[in-house]
1. Mind ranking Ser196, Ser34 by accessible surface for me, highest first, 1.4 Å probe?
2. From the P(r) of the range 19-78, can you give the percent of Cα pairs sitting at distances over 14 Å?
3. Carbon and sulfur: what percent of the chain's accessible surface (1.4 Å probe)?
4. Rounded to the nearest whole Å², what accessible area per residue is found for the chain with the 1.4 Å probe?
5. Just need the relative contact order of the range 149-232 here, percent rounded to a whole number, with Cα pairs under 8 Å and 6+ apart.
6. P(r) of the range 46-170 in 10 Å steps, Cα pairs, percent per bin?
7. Dimensions of the range 150-192 along principal axes (Cα, Å, largest first)?
8. With a Cα-only, solvent-free Debye model of the range 158-223, what are the log10 I(q)/I(0) values at q = 0.19 Å⁻¹?
Amino acid sequence: MPPLLQHSDDSLLPGVLQALRGRLVVSCQANPGSPLRHPAIMAAMAQAAERGGAAGIRLQGFDDAAAIRAVTALPLIGLTKTDRPDTAIYITPTSAEAVRLADLGCEIVAIDATLRPRPEPFAEMVARVHAAGALVMADISTLEEARQAMQDGADLVSTTLSGYTPYSRQQEGPDWELMRDLHAQQLPFAAEGRLSTPQDAAQAMAHGAAFVVIGSAITRPDVVTGWYVNALKEPSRTGES
């Protein structure tokens, strides 16, 4: 695997990514309308994840960033989710949001790096986050986007948005092909998206991921409950054809 980080900053930030190498990051986020959607609850989720051995936390929003930073020293990957009428870019669409996350103690800021029309050039956002002292995780959906994001200065990419753009692979399971392509191109990446079991996490590492991010399967009991409910509705459970 190539080095996880090529960065000119001589601070301790490269050590953040090295600390995550080969390990688990838990995404502590709750969907709108979920009874878990509260900063104190997400902070408790982060503490539980740390107790279980997580090496880092991925989180959403300024209030959650402040609450989680107050209870853990683990590396934080911060993002916002902002609906805008002028763009389909949803994850941290502006540099103002990205820099605020860095100021709140997120060592890494996740930014949508898909090749869709965006409110600000991605490369300019990367430069502002670096100036604020944080690293950039580029959430991508295709190999082409990953290449471009790294050219624009991102520190690593994540497979987060595969299947969430109309031109990327639409499938129920993890995008193993994208992971293989990223590894073959020696692009440092985190595996995230539709990884639902420990076996999925291990397989992602075998595909060359620097580290693995798991969210719903660990921190969204409402979503996981729905998986079981839907499985019990399948005809196969009663032996019907």
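1. Per-residue accessible area, sorted high to low, gives Ser196, Ser34.
2. Tail of the P(r) past 14 Å holds 46 percent of the pairs.
3. On the way: 5950 of 11210 Å².
Looking at the chain in its full context, I get 53 percent from C and S.
4. Solvent-accessible surface per residue comes out at 47 Å².
5. 24 percent
6. All Cα pairs, binned at 10 Å, distribute as 14, 45, 32, 9, 0 percent.
7. Taking the Cα atoms of the range 150-192, the three principal extents are 29, 18, 15 Å.
8. -0.68
The values are calculated or read from the model by the stated rules, or taken from the named source; none is laboratory data. Keep in mind that what you see is a predicted model, and the values were worked out from it rather than measured. Reconstructed Cβ throughout: ideal geometry from the backbone, glycine too, with neighbour counts over all protein chains shown. Ligands, DNA and RNA are stripped out before the accessible areas are found, and what is left, the full protein with its side chains, is counted by its heavy atoms. Shrake-Rupley method; radii C 1.70, N 1.55, O 1.52, S 1.80 Å.
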